[in-house]
Amino acid sequence: CLIAGICAAEPSKVQAFEASLLGPFQDILQKDIDEFLPYVFQILGQMLLIGRGLRENYKKFFKNLLSPTLYSNKGNIPGLVALIQGYIRQEPPFVLPFLEGILGVFQKLISSRSLDHEGFYLMEAIVEYLPPRVLDPYIPTILKVLVGRLLLKGSKTPKYVRCMIIFLSLMIAKQGGDFVVKHLDATVDRLTQKFLLSHWIPVVQTVSGRLERKICIIGMTKLLCDTPSFLKSYFG
């Protein structure tokens, strides 16, 4: 509350909080004090985003944030994901050498019914801020992971479908409709058509949140405008 209240008006004040907190936080991380870790991750993420830019102090923390042991405690995960999102937003080039590690975290989260939305949050930041040329080689694997969970009997949930609609809409907005249709259909023949009819169109109305609904509107509009050949071949 102090950081939000003081630094929202004067972002430069975050440096004073960092000077007091980064030392104790580093000690907590090194000693792996479970009770405090979720709060450390949340506050680090808050300071990182308010401070405008990836300061040198934060760079030494990043590699440790991908340690699998941290994700065994579910309480750590919301703060960890928000913190990694902060790194991606503030300085995309910095995270590029760690991309495969981040994708490993995404794959772990997406396999959990209770944490899959956190995996989508991570992937949305990657799609939004990283250059498409960097991400393109990983898209087939990412979509196979998502589609595999979607088609796994008993694994799909309404929350998962909504998250997938938002993610695909964002990808369409960034990469274009043809790009997404091509890669989705490469995972399962005519999957785009099946997903549109059975899930996307019926469920998209239940998506809440102003930003999320805006992303879905943009995604559906671009899908209609970018893919006339797809629409004609599948829907006549």
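The values are calculated or read from the model by the stated rules, or taken from the named source; none is laboratory data. Given the structure is predicted, the values throughout are model-derived calculations rather than measurements. Quick reminder, even Gly has a Cβ in these numbers, built from the backbone with ideal geometry, and neighbours come from all protein chains shown. All accessible areas refer to the heavy atoms of the entire protein, side chains included, with ligands and DNA or RNA removed. Shrake-Rupley method; radii C 1.70, N 1.55, O 1.52, S 1.80 Å.
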Margin query: For the range 23-81, give me the residue count where each residue is part of a helix (DSSP H, G or I), among the β-branched types (Val, Ile, Thr) and exposed (fewer than 13 other Cβ atoms within 10 Å of the Cβ).
Written below: 1
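Does the range 144-157 contain any residue that is among the polar types (S, T, N, Q), open to solvent by 40 Å² or more (accessible area, probe 1.4 Å) and under 22 Å from the mean Cα position of the chain (by Cα)?
Checked against the condition, which is being among the polar types (S, T, N, Q), open to solvent by 40 Å² or more (accessible area, probe 1.4 Å) and under 22 Å from the mean Cα position of the chain (by Cα), the range 144-157 yields no hits at all.
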Next item on the list: May I ask you to verify whether TYR138 is within 24 Å of ILE84 (Cβ to Cβ), touching a Lys or Arg at 6+ places or on another chain (Cβ under 9 Å) and surrounded by 14 or more Cβ atoms within 10 Å (Cβ to Cβ)?
Entry: no
Item checked: When residues of the range 29-54 are limited to those that are farther than 23 Å from VAL95 by Cβ and not aromatic (Phe, Trp, Tyr), the one modelled with the lowest pLDDT -> ASP32
Notebook entry, point to check: Are there any pairs with C-beta distances below 8 angstrom linking a residue in the range 192-214 that is among the charged types (D, E, K, R) to a residue that is open to solvent by 30 Å² or more (accessible area, probe 1.4 Å), with the two at least 6 apart or on different chains, and if so which?
Noted result: LYS194/VAL188
Next item on the list: Considering every residue within the range 207-223, establish whether at least one is at pLDDT below 90, open to solvent by less than 10 Å² (accessible area, probe 1.4 Å) and more than 21 Å from VAL145 (Cβ to Cβ).
Entry: no
Next item on the list: Report, ordered by the first and then the second residue, all pairs with beta carbons closer than 9 Å, sequence separation of six or more or different chains, a first member in the range 16-39 that is within 13 Å of TYR58 (Cβ to Cβ), and a second member that is open to solvent by 40 Å² or more (accessible area, probe 1.4 Å) and assigned to a loop (DSSP other than H, G, I, E, B).
Entry: GLU18/ARG55; PHE25/PHE36
Check: Just one of the numbered conditions (1) touching a Lys or Arg at 6+ places or on another chain (Cβ under 7 Å); (2) outside any helix (DSSP H, G or I) is not true of ILE6; which one?
Finding: (2)
Next item on the list: Check whether at least one residue in the range 100-109 is acidic (Asp, Glu) and not in a loop (DSSP other than H, G, I, E, B), and report yes or no.
Entry: yes
